Amino acid sequence: MSQLRIAVLNATQRDDNTTRNFRRELDASLSEFDVTEGSLPDSFEFDGAVVTGSRTSVYWAEPWIEATKEWVTEAIDRGIPFFGVCWGHQLLADVLGGTVEDMGVYEVGYSGIERTTTESRLLEDVSAEFTAFTSHSDAVTELPPGATALARNEYSNHGFRKDRVFGVQFHPEYDRKTARELVHRKNLTDERRDSVLAEITAENYRSACEAKLVFENFLEFVREVNATSADAAATSAGANATENSRASAGGSD
């Protein structure tokens, strides 16, 4: 079976951890684009797309953010499956008509998250209550019209789906190195920094690894979309061939 072709829209301002993390978690042929530098795919020849986290807010008036939204909007309209993480989750909600706002607080560290539906393609085989690393002060405060909430905690929505688009607010891709470096660069009080760093243990990381299933589930969903599209194309081709055969037979009378 050929590898899936996945576009990774990297919005993290050249954070090497992001490239490493997504390449580890996504078993696919990845093409990475640094959208903060204006790099976007010049076509839509991908099986799916992933949008990473970022140090920015989706509502900032940045030219690269607007350009990214335009490409994502057209790609969604073309039926390309999408998966967004943190900022990516917020960007996808925004382009689909949802609302993203500053929460007024900062959620960071290993958090408990609750699934809000028992039927979720993205969270299949993930526990009803699970642990994941989080880092965000913006949140999706209103889901896009027609979207289904997938997960939440006391801070915010942590996941949604609309048609072929999925988003999660938490960071399933984070390893301990990424988490520690993020905490050190944040403007936290010494007390809070020490508290969050103390949470970044091997035990908490192992607990959070369950959430990594979202990557496998998303790729399996993309394969299902491809198979459905291939079946539809084959059916259409067969119907056209039959019609052409009938037309040819009719023309010989």
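The values are calculated or read from the model by the stated rules, or taken from the named source; none is laboratory data. None of these values were measured; they are calculated from a predicted model. A quick note on method: Cβ atoms are made from the backbone with ideal geometry, for glycine too, and the neighbour counts reach across all protein chains shown. Accessible surface is based on the protein model in full, side chains and every heavy atom, while ligands, DNA and RNA are left aside. Shrake-Rupley method; radii C 1.70, N 1.55, O 1.52, S 1.80 Å.
Let me confirm something: among G159, G112, which residue is part of a strand (DSSP E or B) and over 18 Å from the mean Cα position of the chain (by Cα)?
G112
Quick one: is S127 more than 23 Å from L96 (Cβ to Cβ), in a loop (DSSP other than H, G, I, E, B) and of a type in the set (S, T, Y)?
So S127 passes the test.
If we keep just the residues of region 22-47 that are part of a loop (DSSP other than H, G, I, E, B) and among the aromatic types (F, W, Y), which is surrounded by the most Cβ atoms within 10 Å (Cβ to Cβ)?
The selected residue is F46.
Would you say E173 is at pLDDT 95 or above, surrounded by 20 or more Cβ atoms within 10 Å (Cβ to Cβ) and acidic (D, E)?
Working: at pLDDT 95 or above: yes; surrounded by 20 or more Cβ atoms within 10 Å (Cβ to Cβ): yes; acidic (D, E): yes.
For E173, the condition - at pLDDT 95 or above, surrounded by 20 or more Cβ atoms within 10 Å (Cβ to Cβ) and acidic (D, E) - is met.
Quickly run through region 162-175 and pick out the residues that are among the hydrophobic types (A, V, I, L, M, F, W, C) and not in a strand (DSSP E or B).
The answer is F170, and nothing else.
Quick check on region 58-106: of everything there that is open to solvent by 10 Å² or more (accessible area, probe 1.4 Å) and of a type in the set (S, T, N, Q), which residue is nearest to F160 (Cα to Cα)?
Once the filter is applied, the top-ranked residue is T99.
Which ones in region 11-20 are polar (S, T, N, Q) and open to solvent by 10 Å² or more (accessible area, probe 1.4 Å)? Walk me through it before giving the result.
Of all residues in region 11-20, those polar (S, T, N, Q) come to 12-13, 17-19.
Those that are polar (S, T, N, Q) and open to solvent by 10 Å² or more (accessible area, probe 1.4 Å): T12, Q13, T18, T19.
Being charged (D, E, K, R) and within 26 Å of E210 (Cβ to Cβ): is that true of D27 here?
Taking the combined requirement at face value, the residue satisfies it.
Picking from A232, A202, A198, which residue would you name as being modelled with pLDDT under 95 and more than 19 Å from the chain's Cα centre (by Cα)?
Going through A232, A202, A198 in turn, the sole match is A232.
Output the qualifying pairs, or none if there are none: Cβ atoms under 9 angstrom, residues six or more apart or on different chains, first residue in region 10-33 and within 15 Å of F83 (Cα to Cα), second residue among the small types (G, A, S) and part of a helix (DSSP H, G or I).
A11/G88
For V50, indicate whether it is among the β-branched types (V, I, T), assigned to a strand (DSSP E or B) and open to solvent by 10 Å² or more (accessible area, probe 1.4 Å).
Here the answer is no, as V50 does not meet what is asked.
With the condition kept exactly as written, say whether any residue in region 53-63 is farther than 26 Å from E101 by Cα and either in contact with a Ser or Thr (Cβ under 9 Å, 6 or more places away or on another chain) or not hydroxyl-bearing (S, T, Y) (or both). Give the derivation first.
Of the residues in region 53-63, the ones farther than 26 Å from E101 by Cα are none.
Checked region 53-63: no residue is farther than 26 Å from E101 by Cα and either in contact with a Ser or Thr (Cβ under 9 Å, 6 or more places away or on another chain) or not hydroxyl-bearing (S, T, Y) (or both).
Are any residues in region 55-76 aliphatic (A, V, I, L, M), in a loop (DSSP other than H, G, I, E, B) and in contact (Cβ under 8 Å) with a residue 60 or more places away in the chain, and if so, which ones?
V58
Can you find a residue that is among the acidic types (D, E), open to solvent by less than 40 Å² (accessible area, probe 1.4 Å), over 16 Å from F215 (Cα atoms) and in contact with a Phe, Trp or Tyr (Cβ under 9 Å, 6 or more places away or on another chain) anywhere in region 126-138?
Kept after step one, since they are among the acidic types (D, E), are these residues of region 126-138: 129, 138.
Retained after the next criterion (residues that are open to solvent by less than 40 Å² (accessible area, probe 1.4 Å)): 138.
This time we only want the ones that are over 16 Å from F215 (Cα atoms), so: 138.
Checking the rest, the ones that are also in contact with a Phe, Trp or Tyr (Cβ under 9 Å, 6 or more places away or on another chain) come to 138.
Among the residues of region 126-138, at least one is among the acidic types (D, E), open to solvent by less than 40 Å² (accessible area, probe 1.4 Å), over 16 Å from F215 (Cα atoms) and in contact with a Phe, Trp or Tyr (Cβ under 9 Å, 6 or more places away or on another chain), which makes the answer yes.
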